[in-house]
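All of the numbers you see were taken from the coordinates with simple rules; none came from a lab. Just so it is clear, the model here is predicted, and its values are computed rather than measured. Using ideal geometry, Cβ is built from the backbone for each residue, glycine included, and neighbour counts are taken over all protein chains shown.
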Amino acid sequence: MKKAILYLNQFFGQIGGEDKADFAPVINEGQIGPAMELNKNLENAEVTHTIICGDNFMGSNEEEALKTILEFLENKEFDIFFAGPAFQAGRYGNACGVICKAVKEKFNVPVVSSMHVENPGVEMFKKDVYIFKGGSSAAKMRKDVKVMAQFGDKLLSGKKLLPADEEGYFPRGIRHQVWLESEKPASERVVEMLIKKLNGEKFETELPIPKSDRVAVAPPINDLSKANIALVNTGGIVPVDNPDRIQSASATRWGKYDISKMEILQAGQFKTIHAGFDPAAADADPNVILPLDVMRAYEKEGKIAKVHEYFYSTVGTGTTQAEAARMGQEISEHLREANVDGVIMVST
Amino acid sequence: MANLIPVAKTVGANKIVPTISIPYPLGDPSTTKEQQWKLRYHRVGVALDALTIDVKEQTIFPVKI
Amino acid sequence: MKLELGNFFVKDITFGDNTSFNNGTLTINKEEALSVVREDEDITEADLVIVKPGDKVRLVPVKEAIEPRCRVAGGSVFPAVTGELIQAGNGRTHALKDCSVLVVGKHWGGFQDGLIDMSGEGAKYTYYSQLKNIVLVADTNEDFEKKEQQKKNRALRWAGMRLAEYIGNCVRNLTPEEVETFELEPVSKRCEEINKLPSVVLVLQPQSQMEEMGYNDLLYGWDCNHMVPTFMHPNEVLDGAMISGSFMPCSSKWSTYDFQNFPTIKNLYKEHGKTVNFLGVIMSNLNVALQQKERSAQFVAQMAKSLGADGAIVAEEGYGNPDADFIACIVALEDAGVKTVGLTNECTGRDGASQPLVSLDEKANAIVSCGNVSELIELPPMETVIGELQSLARDGLSGGWAGDEKLGPSVKEDGSIIMENNSMFCGDQVVGWSTKTMKEF
């Protein structure tokens, strides 16, 4: 039998109401309140412990609460972690999300919760936690707990999971290909969707447009003539032997290359390994992607203080946004350490 | 510096200077070396100046060459 | 324009004395067929193999698929490519159905080449596992690109087309089992009943991103990089006016067979006169500079509007920066008041968490999605490999790799493989075969 642990707030943990919302976390052996219901419904696991924490305690002492609870769990064996259901209770929803996310990161076990669609915890944590679409109040306790238990059983049994809509949890922003049971080919789906759109009928896109990323604007450089400027590119400019074996497509690696003694990037010494475009122009003159030659000119003129000793390179074609973001973060750590003030980032 | 402004905007770049194409962002091989250098010098210069400008939202900086 | 496609359904393929079609059996004289392949001196080695659904066969690197056909009144199946430039889409063409000519490199693969499993778990990833295939396995003396990741594959692709014509010729004088008729009245001469239906165009964005000649899709032999969008009769696409190119990760590619059988065109024909008035095809392209992308989008929207289109379908042959052409075209059409649905695949990463297209816009609110190029696929060893299995790992195929920190090489010692969907031969089937979609997890 596998083992499960459930997180509850002070109310469902039977400590008390709003007056007990400052209750510090405790861990109890066995099942309290909804934990009994969960245990009854779980087929593949037993609920061994119930953790209880006041909503306000978690809200105002999050760090301490997390530390305490993670310590509770340190020496416990468990295969899955549940929290809630939190219904429409905002602070409880937040607490369930916070603790589930931390438990998943630290112990790498699946985490499952349930909340009403209007609970702010849904937006905040649906990417990190399986949050099931639950009722707005405790009247739905049995139903919501049952759903969590059934999904927990499925996770523990290693059965293939269905898409979020079919399982009933809020989509986590993870998209995978699936074969349609109807076997309806795209040629029919696309014409049907067009006819519906033309007739003003409701249709469902297969690719809902996600909100675009926003990045905080970096503060401007006050005095460019004192600035250290680095060159970064996604055009795959590397020394001809590609020492870091950066992939020509779907890259997961990046490289940094010393240019401190160079006036320009020489053809024959550098080339592009980018598979997404005709490399002829950049192989003949790598400066068309990595403009070292004009940067040296600006350095001589005194427009900038210096060109950073290294340039940084990866390949942008087929490279996923997640990998690109990770590489960007890694590169920016190097740049910060080297006191780089600004970056010219050339993308192809 | 990017040619695909819509992509740069979609991924959240805040200061964008247009380049001329994907395979050769900063120098058209069908033009002379001098012309390529001039274009590259100008556009990189615009990018350097852009680093000193305080923007509140995603901004595309115009280029002349 | 009226196209009659006379169909001969192939139930079996064998080698024999005479290349002929009889009672569902296609017989091929191997030597004669290979002599057609060898007409090009660049072909150094060539062999033919027949593979059928269920065979324990893995094919890699696959470069092209073509349906064997002949033009009954004479003339090349692929005008201005395998023969003189003539009008495609009019008259009678005979086709051998349920089979294709597959072109496989004997050794060398490239970025654009793919893999087909004829049976087992891997079979579901490509359309071609359900066809009987005449496989041309060959090598060439095109040494300049032997070690290049990007290959034009000219000699091999052209040999495949010659072979498809040679085989197709055997049904020239026979009576087809079925005749499909494709006919559209001129746009301005349609009857009241059809005119009152919503008018739609199909916008195609074939692969055309290489500035050097020899890699891109060709339209009547013309490199699609060198054109602005143009209006076409759908019959032309179905009848050999378009041939596939040799660029782009393979699962996103449209083979020549895909163009010849374009399911979305056929479905629009089916709906024509019932639910829609199918105006025709706007052949656009994919580009490498923003202005080129915007110019094409502007042409498409203007043409759709001038033709009186109420609706449009836009399909792209590719992903990555082509998504910018795709989204720009949809936005231009929507801005012109043409209600538009997109047809594409996505790149959400192995973990599925990445942004699906590199360019996005809220106006693209209706999209049919055919798969994730970066989905990780593990497949057991296969009894027989046609081509060279190592090409998947060695030659820079878009979904293969020589080494990976976590996953090791794509090709394991026992012949099992791990790859990205990227290298499944024309796997995402954006032309319309795809029964795949994308779901959120």
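What ranking do C:339-351, A:101-113, C:420-432, C:149-161 get when scored by the average of other Cβ atoms within 10 Å per residue, highest first?
Ranked by mean Cβ neighbours within 10 Å, highest first: C:420-432, C:339-351, C:149-161, A:101-113.
Residue A:60 to residue A:244: FRET efficiency via 1/(1 + (r/R0)^6), r the Cβ-Cβ distance, R0 41 Å, to the nearest 0.05?
Plugging the Cβ-Cβ distance into 1/(1 + (r/R0)^6) gives 0.30.
I'd like the distance separating the alpha-carbon centroids of the range A:266-332 and the range C:223-285, in whole Å.
Answer, in whole Å: 38.
Within a Cβ distance under 9 Å of residue C:214, other residues only, what is the Lys/Arg minus Asp/Glu net charge?
Taking every other residue near residue C:214 into account, the sum is 0.
Hey, got the Cα dimensions of the protein assembly as shown along the principal axes, in Å, largest first?
Taking max minus min along each principal axis of the Cα atoms, the protein assembly as shown gives 92, 72, 62 Å.
Ordered by packing density, taken as the mean number of other Cβ atoms within 10 Å over each peptide's residues, highest first, how do A:335-347, C:130-142, A:194-206 rank?
Answer by packing, highest mean first, reads C:130-142, A:335-347, A:194-206.
Test of the criteria: in the range C:364-441, which trypsin sites (Lys or Arg not before Pro) are in a DSSP loop and have at most 10 other Cβ atoms within 10 angstrom of their Cβ?
C:406
Just from its helices, what would the mean residue ellipticity at 222 nm be for the protein assembly as shown, if runs of 4 or more DSSP H residues each count -39500 (n - 2.57) and the sum is divided by every residue, rounded to the nearest 500 deg cm²/dmol?
-7500 deg cm²/dmol
Roughly what would the spin-label model give for residue C:384 and residue C:413, points 7 Å off Cα along C-beta, in nm?
2.7 nm
Label residue A:162 and residue A:140 with points 7 Å out from Cα along Cα→Cβ: what is the distance between them in nm?
Here the modelled spin labels are 1.8 nm apart.
I'd like the mean, over residues of A:244-252, of how many other protein chain beta carbons sit within 10 Å of each residue's own Cβ.
Other-chain Cβ atoms within 10 Å of each residue's Cβ, averaged: 5.
For the range A:138-179 and the range C:152-200, what is the centre-to-centre distance using only Cα atoms, to the nearest Å?
Going from one Cα centre to the other spans 47 Å.
Based on the Cβ-Cβ distance from residue B:31 to residue A:336, what FRET efficiency comes out when R0 is 30 Å, to the nearest 0.05?
FRET efficiency, residue B:31 to residue A:336: 0.20.
Considering only the other residues whose Cβ falls under 15 Å of the Cβ of residue C:329, what net charge follows from Lys and Arg at +1 and Asp and Glu at -1?
Net charge in that neighbourhood comes out at -3.
List the residues, sorted by chain then number, that are 5 or more residues from residue C:372 or on another chain and whose placed amide H is less than 5 Å from its amide H.
Result for residue C:372 returns A:177, C:346.
For residue A:226, list the lysines whose Cα falls under 17 Å from its own Cα; do not include residues on the same chain fewer than 8 positions away.
A:300, A:303, A:306
How well do other chains shield peptide B:48-60, expressed as the mean number of their Cβ atoms within 10 Å of each residue Cβ?
So the per-residue partner count for this stretch is 4.
Please list, in order, the residues from the range C:132-149 whose amide nitrogen is less than 19 Å from a point placed 7 Å along the Cα→Cβ vector of residue C:38.
It comes to C:135-142, nothing else.
With the Cα gyration tensor of the range C:114-155 giving a ≥ b ≥ c as the square roots of its eigenvalues, does the rule (a/c under 1.5 for rounded; else a/b larger than b/c for prolate; else oblate) give rounded, prolate or oblate?
Prolate, because a/c is 1.5 or more and a/b exceeds b/c.
Express the relative contact order of chain C as a whole percentage, based on alpha carbon pairs under 8 Å and six or more residues apart in sequence.
Reported relative contact order: 19 percent.
Which of the aspartates and glutamates could a cross-linker span from residue A:127 if the Cα-Cα distance has to be under 14 Å and same-chain partners fewer than 8 positions apart are dropped?
Once the sequence-local aspartates and glutamates are set aside, what remains near residue A:127 is A:105, C:351, C:440.
Note the count of lysine pairs whose C-alpha atoms are less than 23 angstrom apart in the range C:182-296, limited to pairs 8 or more residues apart or on different chains.
The number of close lysine pairs in the range C:182-296 is 9.
Pick from C:216, C:195, C:285 the residue whose mean-square fluctuation is largest in a GNM of chain C, springs joining Cα atoms under 10 Å.
C:195
Can you return the lysines within cross-link range of residue A:271? Criterion is Cα-Cα under 23 Å, with same-chain partners fewer than 8 residues away left out.
The qualifying lysines are A:256, A:261, B:33, B:38, C:146, C:147, C:151, C:152.
Which Cα, out of A:168, A:156, A:194, lies furthest along the positive dipole direction of the range A:154-211 (beta carbon charges, K/R +1, D/E -1)?
Sorting the options by dipole projection puts first A:156.
Once both labels are modelled 7 Å past Cα along the beta-carbon direction, what's the residue A:301-residue C:9 spacing in nm?
Simple spin-label model gives 7.3 nm for this pair.
A 22 angstrom limit on the alpha carbon distance is what I want to check against. Which of A:101/A:140; A:3/A:146; C:97/C:124; A:133/A:154; A:101/A:133 exceed it?
A:101/A:140
Would you give the gap between the C-alpha center of the range A:79-100 and the C-alpha center of the range C:353-429, rounded to a whole Å?
The range A:79-100 and the range C:353-429 have Cα centres spaced 38 Å from each other.
Other chains near B:26-32: what is the mean number of their Cβ atoms within 10 Å of each residue's Cβ?
5
Please identify, among A:12, A:132, A:270, the residue showing maximal mean-square fluctuation in a Gaussian network model of chain A using a 10 angstrom Cα cutoff.
Comparing A:12, A:132, A:270 in the GNM, the peak value goes to A:270.
Compute the Cα gyration tensor for the range B:14-60, then decide on rounded, prolate or oblate, letting a ≥ b ≥ c be the square roots of its eigenvalues: rounded whenever a/c is under 1.5, prolate when a/b is larger than b/c in the other cases, and oblate in all that remain.
Verdict is oblate for the range B:14-60.
Highest first, please rank the peptides A:61-70, C:109-118 by the mean number of other Cβ atoms sitting within 10 Å of their residues.
Final packing ranking: C:109-118, A:61-70.
Which whole-number percentage describes the relative contact order of chain A, with Cα contacts under 8 Å and a sequence gap of 6 or more?
The normalised contact order for chain A reaches 13 percent.
For the range C:202-316, what value does the Rg/Rh ratio take when both radii are computed over Cα atoms and Rh is the Kirkwood radius, given to two decimals?
Here the Rg-to-Rh quotient is 0.96.
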